[in-house]
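Below is one structure, written out as structure tokens, with a few remarks after it.
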There are 4 protein chains.
Amino acid sequence: MAQATTRKAVQGASGRKMAGAAKRRSASPEARRAAILAAALDEFTVRGYEGARLEDVARRAGVAKGTIYLYFTDKQALFQDLVRSMVNPILGTLEQLPQVDMPARMLVERLTETFVREIIGTRRKDIIRLILTEGARFPEIAQFYHREVIARILGFIRPMLVRAAARGELPEGVAQFPQLIIAPGLVGILWGSLFNKYDPLDVAAMMRAHVEILFSGRPV
Amino acid sequence: MAQATTRKAVQGASGRKMAGAAKRRSASPEARRAAILAAALDEFTVRGYEGARLEDVARRAGVAKGTIYLYFTDKQALFQDLVRSMVNPILGTLEQLPQVDMPARMLVERLTETFVREIIGTRRKDIIRLILTEGARFPEIAQFYHREVIARILGFIRPMLVRAAARGELPEGVAQFPQLIIAPGLVGILWGSLFNKYDPLDVAAMMRAHVEILFSGRPV
Amino acid sequence: MAQATTRKAVQGASGRKMAGAAKRRSASPEARRAAILAAALDEFTVRGYEGARLEDVARRAGVAKGTIYLYFTDKQALFQDLVRSMVNPILGTLEQLPQVDMPARMLVERLTETFVREIIGTRRKDIIRLILTEGARFPEIAQFYHREVIARILGFIRPMLVRAAARGELPEGVAQFPQLIIAPGLVGILWGSLFNKYDPLDVAAMMRAHVEILFSGRPV
Amino acid sequence: MAQATTRKAVQGASGRKMAGAAKRRSASPEARRAAILAAALDEFTVRGYEGARLEDVARRAGVAKGTIYLYFTDKQALFQDLVRSMVNPILGTLEQLPQVDMPARMLVERLTETFVREIIGTRRKDIIRLILTEGARFPEIAQFYHREVIARILGFIRPMLVRAAARGELPEGVAQFPQLIIAPGLVGILWGSLFNKYDPLDVAAMMRAHVEILFSGRPV
DNA sequence: GATGAATGAGGGTTCATTCAT
DNA sequence: TATGAATGAACCCTCATTCAT
């Protein structure tokens, strides 16, 4: 029974709701860390950085409040590590992107489809949203994200876009502002959290239409 | 003379010591309200809704903490009134939009140029940013903004875009997802607050490039 | 129109209700003072000393907040002057009480009937209640009330009660503790504000029964 | 080691500096709760409900301000729990009152002696005083007290008084208004907080005299 | 005198953080 | 290592009091 820690927490007195609470106990440090990060993602997503309470994160993760501090320096570090933990897996992928040219349309379609599949279709959209909504208050995160993700993606695709534009496969503007490729996806994420209730938006369809536009009047 | 009794005696239990004296009286109520709103815009922009402290707003507006409550019910009302005060002037403009068709390119250019001039080029971009970053925590604001601004703009331009697309002046996708027209502008606003320090982005230029793309390969 | 001061107050924004608001204006100083005292009685009665807001007192009196300070030093003075203003008229009466003996029963009946008629049946019961409930925080008031009212009444009736008791018209205890005569009346006042809703109490009838008890088994 | 990044960087915007360290841990939760209640009784007694400051309660209890909120929802709950905690022990006693008739004088003497011993002679008199002075602003407490204490006592003794009166052991009025039995005790409590300084009152003696009066001229 | 906008100390409450167990 | 009770700085909001008009 040594394992049967007094629990009783889980819903407690504070009154906030709780969705998918993890109730596991005495797992491996890694699992614990992961549980806290998962709970943090949930809470930050719903309440924002300032609005999230570490007590709720702990409860949702099935650990005590103090335990969070065994794995993370403080609330800010938790937030930053959360973003990093969600972004890091992608970084590896970015490393291995083939540096060979391909038809512009194929490149752009891969990008947007990957975005829809891997971001919009997963919890990663919540991380993107957090970066967009909270990033201004976390220069370190903004810089990290820009340096590790955006700059690298841009560094990777911009040359290809430039060459494709030179080949006439793509408007010049896209090569100059590759942000244009993803912009609708980002807006779609925000739209989802703001207006979906009143006016749902099919982001995947919008992205396909967007790609169509990018190449309208171009030879395939 | 019953009331000319020596006072002070009792105190101790009851409390309040002495409030401060009133200082200035200069500004008109309207000016004062405006000053508070301006200060609130600054503070909310820099710190976000939760992070902003009303004491800082007051100081920045040159008034006392309590004065804010003479003009706004509470912090949330201040935030909502701020958004409304920045959005309302636009609403009038929207009313007077000409309901006559025009060439699609002209329509889109007007839209994007207006956006760049009136939003990106003014403090309104900060309001847009606040709506994007805090709106999820203010359903009322999100709904208000969607109903009063977005839905009306969409209701206004979508039919024109549909007809323009039918005339072949515009890709179908734009008519279906008018959000595509503005998406780069919104992303530009967010980019500005997140990455401009490391990687400046010329939003106006991007918007022009974007318009170019929307009409690439189309007859003028 | 000089007299038509901008009013608009009267219900304002604060949301508290308002019963018998006086809306007169530019009355005589005495009338103004009286209006403020009347309003103060209402507010203190309903909310207690700490709970009463001078803004509500002002509104109810039909004056501006600052006007109160022209007539009273501060909130505490207002409270004390209120008590004094309600008590003073009685003081004169006490002066003129006939110092002649009368049958004990008549004396006690006069006392209790006067209490029921002049206190229980009027707003004075609210002053008594205020003294009972707030007096502990206002030593000055407690002392004033004891000195000016209680001590004088006791000084007046105790000798008569003693003589009456000596004549066998009255239990010794009543002469020793004249408070016993009025105690039910005071409890009746408090009962009224606490439990009347659930369990109404006919204070007048209780007082009559009480007198009956005081003289039970006594010759008339 | 991604998480071992240098922190601190961001701060500025987010807020919280550093909370204080936990000091003692000694007392059991029950003892701590009791300490807070005891401190609250002191403060509420001296300053009244509105006038009492939770910071003073905390200091007096030897805990931090926030600790109070670990044991009580808010100030009002603290007050209500205080009243309940003082009243509850009596409730048990009331349950066990013998339902058998006894001579009226014995019944009344038990009542008054118990009142003097258990209320007047203990801190419970302060609770009674709080109920009397603050109850009007706490309908819940007034109702609770009436329902749990007063109504039950009345329900218990009234039938006995009625029968005793029928047997001629007691004036009719007492059976009709049992409040008369305790009224002097309540007045005594209030007198104590208001006038004892100037004019001490021996409540116990007054109660004995009162009982004597109730039965004067009656067969024992 | 009368007004009521402005002031700012005060206090209830929250919650990130600590540390005795 | 994990816990969660305890801490106390911070912050929103109230309202007695002041004073320019």
- Message: Take the conditions within 16 Å of DNA strand E (Cβ to nearest atom), in contact (Cβ under 8 Å) with a residue 24 or more places away in the chain and within 14 Å of chain D (Cβ to nearest Cβ) and apply them to C:ARG53. Does it pass?
- Response: yes
- Task: Report yes if some residue within the stretch A:74-89 is surrounded by fewer than 21 Cβ atoms within 10 Å (Cβ to Cβ), out of contact with any helix residue (DSSP H, G or I) (no Cβ under 8 Å at 6 or more places or on another chain) and at pLDDT 95 or above; otherwise report no.
- Result: yes
- Of (1) within 8 Å of chain C (Cβ to nearest Cβ); (2) closer than 21 Å to C:LEU130 by Cα; (3) in contact (Cβ under 8 Å) with a residue 24 or more places away in the chain, D:LEU194 satisfies all except one. Which? (3)
- Note on the structure: Considering the stretch B:197-214, residues that are at the interface with chain A (Cβ under 7 Å from one of its Cβ atoms) and acidic (Asp, Glu), and then whichever is nearest to B:ILE120 (Cα to Cα), we arrive at B:ASP199
- Note on the structure: Filtering the stretch B:26-36 down to residues that are at pLDDT 95 or above and away from DNA strand F (no atom under 15 Å from the Cβ) yields B:ARG33, B:ALA34, B:ALA35
- For the stretch D:133-183, enumerate the residues that are of a type in the set (D, E, K, R), more than 11 Å from every other protein chain (Cβ to nearest Cβ) and without any contact (Cβ under 8 Å) to a residue 40 or more places away in the chain. D:ARG158
- Task: Could you figure out which of (1) within 13 Å of DNA strand F (Cβ to nearest atom); (2) modelled with pLDDT under 95 isn't true of B:VAL63?
- Result: (2)
- With respect to C:ASP101, is the statement that it is outside any helix (DSSP H, G or I), touching a helix residue (DSSP H, G or I) at 6+ places or on another chain (Cβ under 8 Å) and not aromatic (Phe, Trp, Tyr) true? yes
- Of the conditions (1) modelled with pLDDT under 95; (2) in a helix (DSSP H, G or I), the single one that D:HIS146 does not satisfy is (1)
- Message: With the requirement that a residue be more than 13 Å from every other protein chain (Cβ to nearest Cβ) and within 12 Å of DNA strand E (Cβ to nearest atom), what does the stretch B:67-86 give you?
- Response: B:THR67, B:ILE68
- Item | Which listed residue is more than 14 Å from chain C (Cβ to nearest Cβ) and in contact with a Ser or Thr (Cβ under 9 Å, 6 or more places away or on another chain), from D:ARG110, D:ARG117, D:ARG123 | D:ARG123
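Of all residues in the stretch D:56-66, which are crowded, with 16+ Cβ neighbours inside 10 Å, within 11 Å of DNA strand E (Cβ to nearest atom) and over 16 Å from D:ILE127 (Cβ atoms)?
D:ASP56, D:ALA58, D:ALA64
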- Task: Please work out which one of (1) without any contact (Cβ under 8 Å) to a residue 40 or more places away in the chain; (2) away from DNA strand F (no atom under 16 Å from the Cβ); (3) of a type in the set (A, V, I, L, M) is the condition A:LEU111 fails and give its number.
- Result: (1)
- Note on the structure: Restricted to the stretch C:165-178 and to residues being buried (at least 21 other Cβ atoms within 10 Å of the Cβ) and at pLDDT 95 or above, the residue farthest from C:LEU97 (Cα to Cα) is C:GLY173
- Query: Any residue in the stretch C:87-107 that is within 12 Å of DNA strand E (Cβ to nearest atom), within 30 Å of D:VAL46 (Cβ to Cβ) and more than 14 Å from chain D (Cβ to nearest Cβ)?
  - Reply: no
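The values are calculated or read from the model by the stated rules, or taken from the named source; none is laboratory data. Nothing here was measured: the structure is a model prediction, and the numbers come from that model. Because the Cβ atoms are built from the backbone with ideal geometry, glycine has one as well, and the counts that use them run over all protein chains shown.
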